[in-house]
1. Looking at (1) under 24 Å from ALA178 (Cβ atoms); (2) under 19 Å from the mean Cα position of the chain (by Cα); (3) surrounded by fewer than 20 Cβ atoms within 10 Å (Cβ to Cβ), can you tell me which one PRO53 breaks?
2. I need the full set of residues from the range 1-27 which are surrounded by fewer than 19 Cβ atoms within 10 Å (Cβ to Cβ) and more than 20 Å from VAL60 (Cβ to Cβ), in order please.
3. On the basis of being assigned to a helix (DSSP H, G or I), basic (Lys, Arg) and farther than 19 Å from GLY13 by Cβ, does ARG70 make the cut?
4. State all residues of the range 79-104 that are under 21 Å from VAL60 (Cα atoms), free of Cβ contacts under 8 Å to residues at least 12 places away in the same chain and not basic (Lys, Arg); if no residue qualifies, say none.
5. Starting from the range 171-183, take each residue that is of a type in the set (A, V, I, L, M, F, W, C) and list its partners that are buried (at least 24 other Cβ atoms within 10 Å of the Cβ) and assigned to a loop (DSSP other than H, G, I, E, B), counting only C-beta distances under 8 angstrom and pairs at least six apart or across chains.
6. Given the conditions (1) without any contact (Cβ under 8 Å) to a residue 40 or more places away in the chain; (2) touching a helix residue (DSSP H, G or I) at 6+ places or on another chain (Cβ under 8 Å); (3) in a loop (DSSP other than H, G, I, E, B), and given that LEU38 satisfies all but one, which numbered condition is not satisfied?
Amino acid sequence: MAASRWATFDCYGTLIDWNLGIRTELERIFGVERAPRLLERYHELEPEVESEPFRSYHEVLTLTLERLARDEQIQIPEGEAGALARSLPDWPPFSEVPAALAELRDRGWLLALLSNTDRDFIAASQRQLGVPIDLTVVAEDIRSYKPAHAHWEHFFEVTTAEREGHVHVAASLLHDVAPARELGLRSVWINRLGEQAEPEPDRELPDLSDLPDVLDELVPA
């Protein structure tokens, strides 16, 4: 039994509705018909940008949108290159998330966000969540993007948390479940899109509604 139980979370796509935020801007800028294809391509391009020499997430959002427009041979209207960065602070949480996080806190779990983002963005998203978070580790602090391991390494260094008392929760197989597995950590995959798991997480859920019970099963109080 661990003295402290830590649940770490990816933020965007897991807690905050990342796809809705990006798609809304793509629809506004380029039109509703183009948006589904552009969103799919955006998700292919952003990890490529993050794998290059380090840039802030503000820059990643802008550069990815610019590359998307170039690849699709469409024009970004004047003043809109920074649209994703401007809109991110208003991206909402998934409906069940605040209650699930609050329940975890009530059950004694400590909560941390390990996010590929900047400090001002994560502060805005924490306000959207409306639930106290015990620790945040963002790319801006460590100059590294997941799936590299630096977020987890920094988390364990700062908290001295026991791995037996820790579970990582995330929607991305690439950015989160795979590196958690490489590090020998428990993971819960939030599979909102009905995808197939490779690699396999320890548990799979469609959203966070049942997460408090699942985490209590994985790490009993």
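1. Of (1) under 24 Å from ALA178 (Cβ atoms); (2) under 19 Å from the mean Cα position of the chain (by Cα); (3) surrounded by fewer than 20 Cβ atoms within 10 Å (Cβ to Cβ), only one is false for PRO53: (2).
2. Result: MET1, ALA2, ALA3, SER4, GLU27.
3. Taking the combined requirement at face value, the residue satisfies it.
4. Within the range 79-104, GLY79 is the sole residue that qualifies.
5. These pairs meet every condition: ALA171/ASP10; ALA171/THR14.
6. Unmet for LEU38, out of (1) without any contact (Cβ under 8 Å) to a residue 40 or more places away in the chain; (2) touching a helix residue (DSSP H, G or I) at 6+ places or on another chain (Cβ under 8 Å); (3) in a loop (DSSP other than H, G, I, E, B): (3).
Every read-out reported here was derived from the displayed coordinates using simple, explicitly stated rules and does not represent laboratory data. Since the structure is predicted, the reported quantities are computational estimates derived from the model, not experimental observations. Ideal geometry is used to build each Cβ from the backbone, glycine not excepted, and the neighbour counts take in all protein chains shown.
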